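**Student:** Before I ask anything, here is the structure I am working with.
The values are calculated or read from the model by the stated rules, or taken from the named source; none is laboratory data. Small disclaimer: the values here were computed from a predicted structure and weren't measured. Cβ: placed from backbone, ideal geometry, glycine included. Neighbour counts: every protein chain shown.
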Amino acid sequence: MTDSANTMWGGRFSGGVDAIMEAINASIDFDQRMAAQDIAGSRAHAKMLAAQGILTNKDAEAIREGLLTVLSEIETGDFPFSKALEDIHMNVEARLKEIIGEPAGRLHTGRSRNDQVATDFKLWVRDQLDAVDGALAALMTALVGQAEAGADWVMPGFTHLQVAQPVTWGHHMLAYVEMLGRDRSRFADARRRMNTSPLGAAALAGTSFPIDREMTAKELGFDRPAANSLDAVADRDFALEFLAASSICAMHLSRLAEELVIWSSAQFRFVTLSDSFSTGSSIMPQKKNPDAAELIRAKVGRIFGANAGLMMVMKGLPLTYSKDMQEDKEQVFDAADNLMLALAAMEGMVKDMTANRAELRAAAATGFSTATDLADWLVRELGLPFRDAHHITGSLVALAESKGCDLPDLSLEDMQSVHADITKTVFDVLGVENSVASRMSYGGTAPTRVREQVARWKEILG
Ligand code: ARG
């Protein structure tokens, strides 16, 4: 039991709280990460209070200067965080009082910790959205670099993880650029929607002081004040949208990570990962493991877990603020840290990896990968309905399989034994280079198309 009542809200209390109460109640261990945002919000609030004649200029100046001192103490690690003071908001204010005395007590005029925490947290998430945007752009640039280098390198394209049709390395890299481009736009979209200021909603109902919410909104880089004070303090959509967009982004990263795990295996050898992004085994000296890729593959678990976790915290909460909402931060912090780490690790891996062109080319020619080209040839040259062409090609594949060879290895006589009208020009479409070059439809894998898309992305990414 602490013996004295809390100096911030203890007026109606005669004694201190139980140590366990303090432990469950305090958020300072984690919400100190929002110190810079808290101080920015308080400085904007003090400035506005003075502009509105609610505080004297002298007091507002003392507060604003004192808050900068507090910030530098926190930044240099000299700040004595106190659990008894619960959270970052009260820790900062209490320290401000020690530094500037009486005027510190005037800072909380016309606001509450409810609008304060919503403001701080929004500012924090907004900073993360900007950081993620930069990290995504960097990863996309690395992928475009790979795509440009290998715009015409042939590799197998897969469905069901079975060889389907030849595609180009560049095309495959750009598929991920498209995904990450959508992620970027989802984050940008969330940023636009969340950019309203809760500050001045006060506890829940607004305030009787003649505050100027437009001013604080502008000061903090928000587009406008949130229009409904109840919603302003009860809303955590911005955190959920961040987590939802992060989950989808992490899911994309996990798919690429999985491909890198498969591709770097001895069975595939499509890529060689650099030593700087691989690890060894403590028992098997020959091993070079793709640990970074595996960890990226796993990150989606905790990030989506955070998303599900916060959804559960928020569901069913009556308006407006409930202390449950203090459970919003750790999951967002953890998800943000891990997403940033995953993006940086993926960027490093993609930049450093070497695509093994010869292995890719050889694999592309296996599995009868140009069977569709053969069927298309029968349609184009012999005027057959596609369904018949499909059937004939199936018979040719079976023939090749029985002979233990690939489609281009069949003789013209073999071909004609299945359909008499086949001519030797058919062999032109059975090579993998011709196959990819022919896929000129918009969005197709032809090197020409890939180079166009590389140019488009380079323009977008600057
Ligand atoms: N530490 C609290 C949180 O993170 C701040 C808001 C407290 N508000 C209150 N009414 N107790 O949610």
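**Student:** Given the conditions (1) within 16 Å of the ligand (Cβ to nearest atom); (2) out of contact with any strand residue (DSSP E or B) (no Cβ under 9 Å at 6 or more places or on another chain), and given that ALA104 satisfies all but one, which numbered condition is not satisfied?
**Tutor:** If we test ALA104 against (1) within 16 Å of the ligand (Cβ to nearest atom); (2) out of contact with any strand residue (DSSP E or B) (no Cβ under 9 Å at 6 or more places or on another chain), just (1) comes out false.
**Student:** Which condition does GLU294 not pass, out of (1) crowded, with 22+ Cβ neighbours inside 10 Å; (2) more than 14 Å from MET353 (Cβ to Cβ), if it passes all the others?
**Tutor:** Evaluating GLU294 over (1) crowded, with 22+ Cβ neighbours inside 10 Å; (2) more than 14 Å from MET353 (Cβ to Cβ) leaves (1) as the failure.
**Student:** Which of the residues that make up the range 107-128 are surrounded by fewer than 24 Cβ atoms within 10 Å (Cβ to Cβ), of a type in the set (S, T, N, Q) and within 11 Å of the ligand (Cβ to nearest atom)?
**Tutor:** Listed by number, the residues that qualify are SER112, ASN114.
**Student:** May I ask you to say which residue of ARG255, ARG236 is of a type in the set (Lys, Arg) and surrounded by fewer than 17 Cβ atoms within 10 Å (Cβ to Cβ)? Before the answer, list the steps.
**Tutor:** Working: ARG236 fails: surrounded by fewer than 17 Cβ atoms within 10 Å (Cβ to Cβ).
Answer to the check: ARG255.
**Student:** MET312 is checked against (1) farther than 17 Å from ALA335 by Cα; (2) at pLDDT 95 or above and fails just one. What number does that condition carry?
**Tutor:** In the conditions (1) farther than 17 Å from ALA335 by Cα; (2) at pLDDT 95 or above, MET312 misses (1) alone.
**Student:** Here's another thing I want to ask about it. Which condition number does ILE99 fail, the rest of (1) within 14 Å of the ligand (Cβ to nearest atom); (2) more than 34 Å from the chain's Cα centre (by Cα) being met?
**Tutor:** (1)
**Student:** Is there any pair linking a residue in the range 310-336 that is over 12 Å from ALA239 (Cα atoms) to one that is within 12 Å of the ligand (Cβ to nearest atom) and among the β-branched types (Val, Ile, Thr), with Cβ under 7 Å and at least six apart or on different chains, and which?
**Tutor:** From residues that are over 12 Å from ALA239 (Cα atoms), the pairs are THR320/VAL233; TYR321/VAL233; ASP324/VAL313.
**Student:** Okay, moving on. Inside the range 29-58, can you point out the residues that are within 14 Å of the ligand (Cβ to nearest atom), surrounded by 20 or more Cβ atoms within 10 Å (Cβ to Cβ) and among the hydrophobic types (A, V, I, L, M, F, W, C)?
**Tutor:** Answer for the range 29-58, where residues must be within 14 Å of the ligand (Cβ to nearest atom), surrounded by 20 or more Cβ atoms within 10 Å (Cβ to Cβ) and among the hydrophobic types (A, V, I, L, M, F, W, C): MET34, ALA35.
**Student:** While we're on this one: State whether the residues of the range 388-396 include one that is assigned to a loop (DSSP other than H, G, I, E, B) and on the phi < 0 side of the Ramachandran plot. Even if it seems obvious, please write down each step before you answer.
**Tutor:** Going residue by residue through the range 388-396, those that are assigned to a loop (DSSP other than H, G, I, E, B) are none.
Taking every residue of the range 388-396 in turn, none turns out to be assigned to a loop (DSSP other than H, G, I, E, B) and on the phi < 0 side of the Ramachandran plot.
**Student:** Within the range 15-28, does at least one residue satisfy the condition of being of a type in the set (Gly, Ala, Ser), away from the ligand (no atom under 15 Å from the Cβ), touching a residue at least 24 places away in the same chain (Cβ under 8 Å) and assigned to a helix (DSSP H, G or I)?
**Tutor:** No: zero hits.
**Student:** Any residue in the range 151-178 that's in a loop (DSSP other than H, G, I, E, B): show its pairings with residues that are of a type in the set (Gly, Ala, Ser) and modelled with pLDDT of 95 or more at Cβ separation under 8 Å, as long as the two are six or more apart or on different chains.
**Tutor:** Qualifying pairs under 8 Å: ALA151/GLY170; ASP152/GLY170; TRP153/GLY170; TRP153/ALA355.
**Student:** Of the conditions (1) under 29 Å from the mean Cα position of the chain (by Cα); (2) among the polar types (S, T, N, Q); (3) away from the ligand (no atom under 12 Å from the Cβ), SER72 fails just one. Which one is it?
**Tutor:** Unmet condition: (1).
**Student:** Six or more apart or on different chains, Cβ atoms under 7 Å: show the pairs whose first residue is in the range 255-278 and under 16 Å from PRO156 (Cβ atoms) and modelled with pLDDT of 95 or more and whose second is in a loop (DSSP other than H, G, I, E, B) and hydroxyl-bearing (Ser, Thr, Tyr).
**Tutor:** Close Cβ pairs (under 7 Å, with a partner that is in a loop (DSSP other than H, G, I, E, B) and hydroxyl-bearing (Ser, Thr, Tyr)) amount to VAL271/SER264.
**Student:** If you check ALA245, ALA239, ALA226, which single one turns out to be more than 21 Å from the chain's Cα centre (by Cα), under 27 Å from MET325 (Cα atoms) and not aromatic (Phe, Trp, Tyr)? Let's see the steps before the verdict.
**Tutor:** Details: ALA245 fails: more than 21 Å from the chain's Cα centre (by Cα); ALA239 fails: more than 21 Å from the chain's Cα centre (by Cα).
None of the others qualify; the one that does is ALA226.
**Student:** Now for a different question. Where residues in the range 327-343 are of a type outside the set (Phe, Trp, Tyr) and surrounded by fewer than 19 Cβ atoms within 10 Å (Cβ to Cβ), which of them is farthest from the ligand (Cβ to nearest atom)?
**Tutor:** Within the range 327-343, the subset of a type outside the set (Phe, Trp, Tyr) is 327-332, 334-343.
Okay, now just the ones that are also surrounded by fewer than 19 Cβ atoms within 10 Å (Cβ to Cβ), so 327, 330, 334, 337, 340-341.
Details: GLU327: 8, GLU330: 10, ASP334: 16, ASP337: 18, MET340: 22, LEU341: 25 Å.
Here the answer is LEU341.
**Student:** Could we say that LYS329 is modelled with pLDDT of 95 or more and within 30 Å of VAL117 (Cα to Cα) here?
**Tutor:** On the way: modelled with pLDDT of 95 or more: yes; within 30 Å of VAL117 (Cα to Cα): yes.
Yes, satisfied.
**Student:** Kindly establish whether ARG64 is part of a helix (DSSP H, G or I), of a type in the set (Lys, Arg) and under 23 Å from ARG184 (Cβ atoms). Quick ask: steps written out before the conclusion?
**Tutor:** Numbers: part of a helix (DSSP H, G or I): yes; of a type in the set (Lys, Arg): yes; under 23 Å from ARG184 (Cβ atoms): no.
No; evaluated as a whole, the condition is false for this residue.
**Student:** For the range 97-110, enumerate the residues that are without any contact (Cβ under 8 Å) to a residue 40 or more places away in the chain and hydrophobic (A, V, I, L, M, F, W, C).
**Tutor:** Within the range 97-110, the first condition is being without any contact (Cβ under 8 Å) to a residue 40 or more places away in the chain, and the residues that meet it are 97-102, 105, 108.
Residues satisfying the conditions are ILE99, ILE100.
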